1. Residue by residue through B:220-230, how many Cβ atoms from other chains fall within 10 Å of the Cβ on average?
2. Going by the alpha-carbon gyration tensor, a ≥ b ≥ c the square roots of its eigenvalues, is chain A rounded (a/c under 1.5) or, if a/c is not under 1.5, prolate (a/b greater than b/c) versus oblate?
3. State, as an integer percentage, the relative contact order of the stretch A:6-172 based on alpha-carbon contacts under 8 Å between residues 6 or more apart.
4. Using a simple charge model, +1 on the beta-carbon of Lys and Arg, -1 on the beta-carbon of Asp and Glu, nothing else, what dipole does the stretch B:112-209 show about its Cα centre, in debye to the nearest 20?
5. Can you give the mean number of other chain Cβ atoms that lie within 10 Å of the Cβ atoms in peptide B:315-326?
6. Output the 0 to 90 degree angle, nearest 10, between the alpha-carbon long axis of helix B:312-325 and the longest principal axis computed from the alpha carbons of chain B.
7. Does the stretch B:235-356 classify as rounded, prolate or oblate by the C-alpha gyration tensor (a ≥ b ≥ c root eigenvalues; a/c under 1.5 gives rounded; else a/b over b/c gives prolate, otherwise oblate)?
8. Let me have the 222 nm mean residue ellipticity of the protein assembly as shown computed from DSSP H runs of 4+ only, each contributing -39500 (n - 2.57), with the sum over all residues rounded to the nearest 500.
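Values quoted throughout were computed directly from the atomic coordinates according to the rules given, and no laboratory measurement underlies them. Values in this document were obtained by computation on a predicted structure and should not be read as measured data. A quick note on method: Cβ atoms are made from the backbone with ideal geometry, for glycine too, and the neighbour counts reach across all protein chains shown.
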Amino acid sequence: MKSFTRFTGIVAPLDAANVDTDAIIPKQFLKRIERTGFGEFLFYEWRYEDGKEKTDFVLNKEPYRHAPILLARKNFGCGSSREHAPWAIAEYGIRVIIAPSFADIFYNNCFKNGVLPVILPEKDLEFLFEKTSKMPGYQLAIDLEKQRIEDTWGYMAEFEVAPYRKNQLLKGLDEIGSTLQAAEKINSFESTHKIFYKLEVSF
Amino acid sequence: MGKTLYEKIWNKHVVHEEGDQPSILYIDLHLIHEVTSPQAFEGLRMNNRKVKRPELTVATMDHSIPTTDRTLPFRDEVAKKQVDALAQNCKDFGIPLFDLHSPNQGIVHVIAPELGITQPGMTIVCGDSHTSTHGAFGALAFGIGTSEVEHVLATQTLKQFKAKTLAININGALPRGTTSKDLILSLIGKYGHDFATGYVVEYRGEAIRNLSMEERMTVCNMSIEMGARAGLIQPDEKTFAYLKGKQAVPQGKEWEEALTEWKQFYTDKDANFDLSVEFDASHVTPQVTWGTNPGQVAGITEAVPLLENLPSDQVKPAKKALQYMGLEPGMPITEIEINKVFIGSCTNSRIEDLRKAAKIVNDYKVADHVEALVVPGSQLVKKQAEAEGIHQIFINAGFQWREAGCSMCLGMNEDLVLPEERCASTSNRNFEGRQGRNARTHLVSPEMAAAAAIAGRFVDVREWPARESKEVIVK
Ligand code: SF4
């Protein structure tokens, strides 16, 4: 996972609400047992038709092809819990998604994969969508440390992110490793915690 | 001040809390399946880690498997590889697995309740968003990503921030001919597809108490379709009666002990929710989705909405959805013709669902131009249906009677809705491409799906004629 420092990049406008994880990475690509190889299938049904690129899809147009910042409408990432969605996004090269709201599971999955979901008010999104439509190639600078987003013409917005999640991106934490440091606590919890089911299965 | 059911379950499972950090929450049951687990096991291997409590982990195969004859070899080699990987992982890490040939195989959210491993007051997770289903038992159950699957495998815990709480009070009685599927669809229709994002929902009130356990599962199952982290229903006598005698449920003295424990899980009278809404079940009608998210839904006597009647922020998504769906604004729902029917999925593939659908089918025949599938949620459901002769009703009518799995709910196997085909589906998601590329999905209850299969279009099941007068309905 790339660690996350300040960077500037082109903003690709994806003017759609409720973009679901089925659209981000369709099910026919979920059969891979590896963590990689999903980037090329990002937004597959929107990007391709009969194996050919659809010219009207934003990521198929210049200068958006390699844009690291994606703009979208509310409830981005809803639906299936598949982490294949942020895997595909990260592998494709998108590092920041800006939207008025995100679905919970997707939001949570992003931080584990070096993708920063930024929540901004609707009016900021309106402004940014308008900017991108008037100025193709419009860029934003993202500063996670300061929790700030800005352009070179005086637009600036601050965003919220839980300190823990911010750290996940800044330092690329090993979550499991850190939880395992509490192993003794977990073990002692277990020793008194009652579970009432018992499954008899033979191997 | 009193506590909500959610807070009580949470408190019972907190291992460690620290300032603004997420809490470490103990997980009582971890369900896994072939699609969202392989990369988690790979992670364990790379870091030389073990599964902490394999006996609190249960695996099954459901998403990418064929629902046709299981004695035949897989035709899809990639899916085969995925299923084999799960079998190998379970073997290597000592995890109980219900494989394709197990009498307990089925959709993960169908098998856990029927085995009795879903119990009140538990924490349950799975790499699958419809884990919310198990909330019907008063268990805190939610979907997680694959990194979290790995975290639970390695530690039997999860790092979690506490959610906000939302009470949905549902009073009044569901009218005759409507179901819990119609209830949850109308709720999502009223409040919107992302209404409950960030919340754990507790469904309360008379209408909920009157539902059977299976009907409650249908409601909780679709919590995620309004964005909720989880859906909960307070356990009651129905819950306990459902569990009694199930394979994994204790008996005798331990049953009494379990019962005492489970009875602590309710919301105190003076507890506060972050948000509360009221909903009247007595106005619910049979629902049919017309768009590409579950909130784009209308009653059977209504029409596809006119764009000018929609709130301004819904116009653009509706336009896009209608274009995808090949529908015109103002078109009556009963004029929508279908050519596929899918009765199945973790929303509606349990025995009561099949019984209700079979009752509608009676001895009618599936319309000539319709291909209809019934896919039981589990092998146990299938066996039960066959013991009751329900399968015969479907087969005689021209339905295909399949083996248990997710099937056409997401079309990861060969059960697909083809481009521009129109499907009446009892599943939970009508997203673009969900059932197949350019597939058009209409979410409905099992009764509505069965009636649509016969009529070839959507019809109002409340007026479905009894056997004597069957000439009236079919074209
Ligand atoms: S039936 Fe559908 S929604 Fe349920 S677990 Fe399977 S794919 Fe997911």
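1. Values: counts 0, 0, 0, 0, 7, 2, 1, 9, 1, 4, 1.
Counting Cβ atoms of other protein chains within 10 Å of each residue's Cβ and averaging gives 2.
2. oblate
3. 25 percent
4. Magnitude of the dipole: close to 340 debye.
5. Numbers: counts 0, 4, 5, 0, 0, 4, 1, 0, 0, 0, 0, 0.
Mean shielding by partner chains, rounded to a whole number: 1.
6. Approximately 70 degrees, to the nearest 10.
7. Numbers: a/c = 3.44, a/b = 1.93, b/c = 1.78.
Here the stretch B:235-356 falls in the prolate category.
8. For the protein assembly as shown, the value works out to -9000 deg cm²/dmol.
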